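Structure first, commentary second.
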Amino acid sequence: MATWKEAGLGDTVQVSYDLSATATAVYTYVNNGGNLPQAPQFTTVTGPVDATGTFTSGKNGRITGSLTTQPPSAPQSFIDAAPNGQNVALFSVSYTNVTLTDTNFGTSVTLDPQSIQLIQSKHG
């Protein structure tokens with residue numbers, strides 16, 4: 001997710017934005033309690049992701065916006081191979097080459113890489 005402010009736009013100006021990145025998602029199996037099994041299995045998927053949106057400036061000529069990208073999906077073969085009583089869950093995701101572009105004015109900023117671990121490494 002990227003959140004930003006852009007100023008000096010004038011009143012009620014519509015601006016389109018594009019958020020793009022390379023995402024690396026790690027998927028695993030979890031039991032019904034949401035815990036990792038004793039011998040966890042993982043699969044990694046890397047690919048481009050993006051999100052777009054159009055925002056309108058207020059009377060002060062500013063836009064405060066936020067866009068969120070979704071990680072690449074788990075491979076169908078990994079989903080189909082889930083052991084009985086276990087489900088596929090997103091373990092972690094990291095984003096690199098993150099760029100936010102104001103497509104109206106052609107300006108871009110590069111954002112810091114982000115990484116999130118969603119499941120604690122406990123066994124159940």
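Considering only residues of segment 36-77 that are among the aliphatic types (A, V, I, L, M) and within 30 Å of L9 (Cβ to Cβ), which is surrounded by the most Cβ atoms within 10 Å (Cβ to Cβ)? First the steps, then the outcome.
Taking segment 36-77 as the starting set, the residues that turn out to be among the aliphatic types (A, V, I, L, M) are 36, 39, 45, 49, 51, 63, 67, 74.
Subsequent filtering for residues that are within 30 Å of L9 (Cβ to Cβ) retains 49, 51, 63, 67.
Numbers: V49: 18, A51: 17, I63: 20, L67: 18.
Restricting to residues being among the aliphatic types (A, V, I, L, M) and within 30 Å of L9 (Cβ to Cβ), the top hit is I63.
Residue count for segment 1-30 satisfying the condition of being loosely packed, with under 15 Cβ neighbours inside 10 Å, more than 13 Å from the chain's Cα centre (by Cα) and in a strand (DSSP E or B): 3.
Mind listing whichever residues of segment 56-105 are in contact with a Ser or Thr (Cβ under 7 Å, 6 or more places away or on another chain) and either assigned to a helix (DSSP H, G or I) or among the acidic types (D, E) (or both)? Correct list: F78 only. When I119 is tested against (1) in a loop (DSSP other than H, G, I, E, B); (2) exposed (fewer than 15 other Cβ atoms within 10 Å of the Cβ); (3) modelled with pLDDT under 95, only condition (2) is not met.
Within the group G53, G47, G106, which residue is in contact with an Asp or Glu (Cβ under 9 Å, 6 or more places away or on another chain) and without any contact (Cβ under 8 Å) to a residue 40 or more places away in the chain?
Numbers: G47 fails: in contact with an Asp or Glu (Cβ under 9 Å, 6 or more places away or on another chain); G106 fails: in contact with an Asp or Glu (Cβ under 9 Å, 6 or more places away or on another chain).
Exactly one of G53, G47, G106 is in contact with an Asp or Glu (Cβ under 9 Å, 6 or more places away or on another chain) and without any contact (Cβ under 8 Å) to a residue 40 or more places away in the chain, namely G53.
The values are calculated or read from the model by the stated rules, or taken from the named source; none is laboratory data. Just so it is clear, the structure is predicted and the values come from calculations on it, not from any experiment. Glycine also receives a Cβ, built like all others from the backbone with ideal geometry; neighbour counts cover every protein chain displayed.
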